[in-house]
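The values are calculated or read from the model by the stated rules, or taken from the named source; none is laboratory data. Since the structure is predicted, the reported quantities are computational estimates derived from the model, not experimental observations. Positions of Cβ are backbone-derived with ideal geometry, glycine not excepted, and every protein chain shown enters the neighbour counts.
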Amino acid sequence: MKRLCLFLFWIVFIFWNVLSADTATEAVQRADQLYQSKEYAKAVELYLPMTKAEKVDPYVWFKLGLCYHEMGRLDEALDAYKKAEAGGVVRLQLWWRLARIDSKRGNREQALSYLKKVADAGFAQVDTLKSEGDFASLHEDAKFQAIVAIMEKNSHPCDTGPFRDFDFWVGEWDVTSGGTPAGTSSIQQILNQCVILENYTGQGGYAGKSFNIYDTPTKQWKQFWVDNGGSLVEFHGAYADGKLEYHADTLQPDGTRVQRRMIFVKLPDGKVRQYSEQSSDGGKTWSLEYDLLYTKKS
């Protein structure tokens, strides 16, 4: 009997906790819906009881702050934001909101400090910054202008530096191999000039495309090549002295591994040479796979 009672106790305990968790989740979802519908006062009625719990999700404080802010209750909004920040909420919108309140209250340096955090975190919507009425008094401040410059750079992260190393391949090309036509290629800059897209059309209906991008964290160039034969090759490499050298380790249908190195060379006359070598003995010996010459279309 004692064991049965203990067993029933744990069943009820688990059921109650699951039920409580589901109820809390439903309340959060309902409050979020009210916020999205701009029914801020009703959303506050649901968020507030959640802040009385023994352990409060800091994002509840953040959402409560958003509601108070939209209602114009700045003191309560600021208090909720601060509690969210103390609880570990780190997001651009939190700093943005704190900057708005500080700016509106004349706390220029604190507002600019939060805006600098927003900019340093990668925020790129310069027009949103300039059009926000709460920041109107900051527009002439040199620190504000510096923040604008950072955000403008954020909006075009690939305009300079290593992202531009492979521009010599961009263009419309006739491609030959040993003087014989091999195909055509349209090499384009896409996605805010961050990606170089290859569109290759070869002889006999062969076609392929590649995406090329400089990967900032690894400081490497990477290419993802696919073709109409179902092939996929992932290359990584580096640029130096007018030459970009890619490497790949590919698995053949028979299970053997082949190393490949593909090299693009910028030639003095504006043409581009692309050649590929492969090795099936771990890099001890290499054989030429192809050798292509790109000539700009007239």
Keeping to the stretch 114-131, report how many residues are touching a residue at least 12 places away in the same chain (Cβ under 8 Å) and polar (S, T, N, Q).
-> 1
Can you tell me which residues in the stretch 66-94 are free of Cβ contacts under 8 Å to residues at least 24 places away in the same chain and among the aromatic types (Phe, Trp, Tyr)?
-> Tyr81
Does the stretch 211-227 contain at least one residue that is free of Cβ contacts under 8 Å to residues at least 24 places away in the same chain and at positive phi?
-> no
List the number of the failed condition for Leu48; all other conditions in (1) part of a helix (DSSP H, G or I); (2) touching a Lys or Arg at 6+ places or on another chain (Cβ under 9 Å); (3) over 17 Å from Tyr114 (Cβ atoms) hold.
-> (2)
Checked the stretch 156-178 for anything over 21 Å from Lys219 (Cβ atoms) and surrounded by 15 or more Cβ atoms within 10 Å (Cβ to Cβ); matches are Val170, Gly171, Trp173, Asp174, Val175, Thr176, Ser177
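Go through the residues of the stretch 159-177 one by one and say whether even a single one is aliphatic (A, V, I, L, M) and either in the same structural domain as Ala240 (by TED's automatic domain parsing) or touching a strand residue (DSSP E or B) at 6+ places or on another chain (Cβ under 6 Å) (or both).
Within the stretch 159-177, the subset aliphatic (A, V, I, L, M) is 170, 175.
Imposing the further condition that a residue be either in the same structural domain as Ala240 (by TED's automatic domain parsing) or touching a strand residue (DSSP E or B) at 6+ places or on another chain (Cβ under 6 Å) (or both) reduces the set to 170, 175.
Taking every residue of the stretch 159-177 in turn, at least one turns out to be aliphatic (A, V, I, L, M) and either in the same structural domain as Ala240 (by TED's automatic domain parsing) or touching a strand residue (DSSP E or B) at 6+ places or on another chain (Cβ under 6 Å) (or both).
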